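So the structure is just underneath, and the comments pick up after that.
The values are calculated or read from the model by the stated rules, or taken from the named source; none is laboratory data. Predicted model only: the values in this text are computed from it and were never measured. Every residue, glycine as well, gets a Cβ built from its backbone with ideal geometry; the counts of neighbours run over all protein chains shown. Note: areas computed on protein heavy atoms with side chains; ligands, DNA, RNA excluded. Shrake-Rupley method; radii C 1.70, N 1.55, O 1.52, S 1.80 Å.
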Amino acid sequence: MGLIEPKLFVISGPSGAGKGTLVARVREQMPNLGLTVSATTRAPRAGEVDGVNYYFLTDDEFSARIEAGEFIEWAQVHDHRYGTLASEVERNLATGQSLILEIDVQGALAVKERFPHAVLIFIEPPSLEVLRERLIGRGSETSESLELRLHTAESEMHLRDRYDEIVVNDDLDRATEELIAVLHRHERN
Ligand code: 5GP
């Protein structure tokens, strides 16, 4: 077995593809994997905690942080802005462990430009129909935001070829195992 090298992993995929659940599962089995907390201007959903799920910022606070050059990337996703704080990445990389950024496709491609060794992983739903059902089941969307998320999903799917790895989230257990295998494989070469 070769040496284990810390890697910067970027995970994206359509909203509702199950990224969050998958990443949480993977981290249970790979506790040393760091995860950055992004900043966003969207409101917290039920159960979301500031500083844990996101740093929830006002529009003005977000703009001030852009001005101050605090983001390594940020993007407008759906109706809101989301960004990765440089401080979060530095904090994690300082521990010498691999790190996951769970960000949208625009952000992922920006990170790849800046960190060419980053490994881009796309989490894909089995179909857009399944995605629609999952988003409805989650109950967090109005019909307008549901359509917006499905529309974004379609355009994100067109960018999947720019990713280094694609994992189809057809079955949570199977996809978790595949994702863990992908992460280990990259850490070992
Ligand atoms: P949600 O509102 O469902 O939590 O996230 C919506 C989208 O924003 C997801 O595709 C998620 O990956 C993306 N996102 C979350 N944090 C960031 C970030 O820091 N940067 C970028 N570019 N996208 C993000």
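Can you tell me how many residues within the stretch 31-68 are farther than 22 Å from residue 11 by Cα and of a type in the set (D, E, K, R)?
Result for the stretch 31-68: 5.
Pairs only if they're at least six apart or on different chains, beta carbon under 6 angstrom, first in the stretch 101-118 and on the phi > 0 side of the Ramachandran plot, second at pLDDT 95 or above; list them, first residue then second.
Short answer, once both residue conditions are applied: none.
Kindly check whether there is at least one residue in the stretch 61-70 that is near the ligand (Cβ under 10 Å from one of its atoms) and touching a strand residue (DSSP E or B) at 6+ places or on another chain (Cβ under 9 Å).
no
So residue 115 ticks every box in (1) out of contact with any helix residue (DSSP H, G or I) (no Cβ under 7 Å at 6 or more places or on another chain); (2) within 13 Å of the ligand (Cβ to nearest atom); (3) aromatic (Phe, Trp, Tyr) but one. Which box is left unticked?
Evaluating residue 115 over (1) out of contact with any helix residue (DSSP H, G or I) (no Cβ under 7 Å at 6 or more places or on another chain); (2) within 13 Å of the ligand (Cβ to nearest atom); (3) aromatic (Phe, Trp, Tyr) leaves (2) as the failure.
Just the residues that are surrounded by 14 or more Cβ atoms within 10 Å (Cβ to Cβ), assigned to a loop (DSSP other than H, G, I, E, B) and either without any contact (Cβ under 8 Å) to a residue 60 or more places away in the chain or more than 11 Å from the ligand (Cβ to nearest atom) (or both), please, taken from the stretch 24-37.
30, 33, 37
So, in the stretch 38-64, of the ones that are assigned to a helix (DSSP H, G or I) and hydrophobic (A, V, I, L, M, F, W, C), which residue ends up farthest from residue 139 (Cα to Cα)? Steps first, answer last, please.
We begin by selecting, within the stretch 38-64, every residue assigned to a helix (DSSP H, G or I); these are 59-64.
Among the residues that remain, those that are also hydrophobic (A, V, I, L, M, F, W, C) are: 62, 64.
Values: 62: 27, 64: 33 Å.
Within the stretch 38-64, the match that is farthest from residue 139 (Cα to Cα) is 64.
Can you confirm whether residue 156 is more than 26 Å from residue 43 (Cα to Cα), within 15 Å of the chain's Cα centre (by Cα) and in contact (Cβ under 8 Å) with a residue 24 or more places away in the chain?
When the stated conditions are applied, residue 156 does not pass them.
Mind listing whichever residues of the stretch 38-71 are of a type in the set (A, V, I, L, M, F, W, C), modelled with pLDDT of 95 or more and open to solvent by 20 Å² or more (accessible area, probe 1.4 Å)?
Selection gives 43, 49, 56, 57, 64, 66, 68, 71.
Restricting the stretch 159-175 to residues that are within 15 Å of the ligand (Cβ to nearest atom) and not aliphatic (A, V, I, L, M), which is surrounded by the most Cβ atoms within 10 Å (Cβ to Cβ)?
By that ranking, first place goes to 169.
Residues are listed down the side, and each one gets a yes or a no for (1) farther than 25 Å from residue 150 by Cα; (2) within 15 Å of the chain's Cα centre (by Cα); (3) of a type in the set (Gly, Ala, Ser):
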| site | (1), (2), (3) |
| --- | --- |
| 33 | yes, yes, no |
| 42 | no, no, no |
| 54 | no, yes, no |
| 59 | no, no, no |
| 68 | yes, no, yes |
| 84 | no, yes, no |
| 90 | yes, no, no |
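Of the residues 183, 101, 93, 131, which is within 20 Å of residue 39 (Cα to Cα) and buried (at least 17 other Cβ atoms within 10 Å of the Cβ)?
Result: 101 is the single residue among 183, 101, 93, 131 that is within 20 Å of residue 39 (Cα to Cα) and buried (at least 17 other Cβ atoms within 10 Å of the Cβ).
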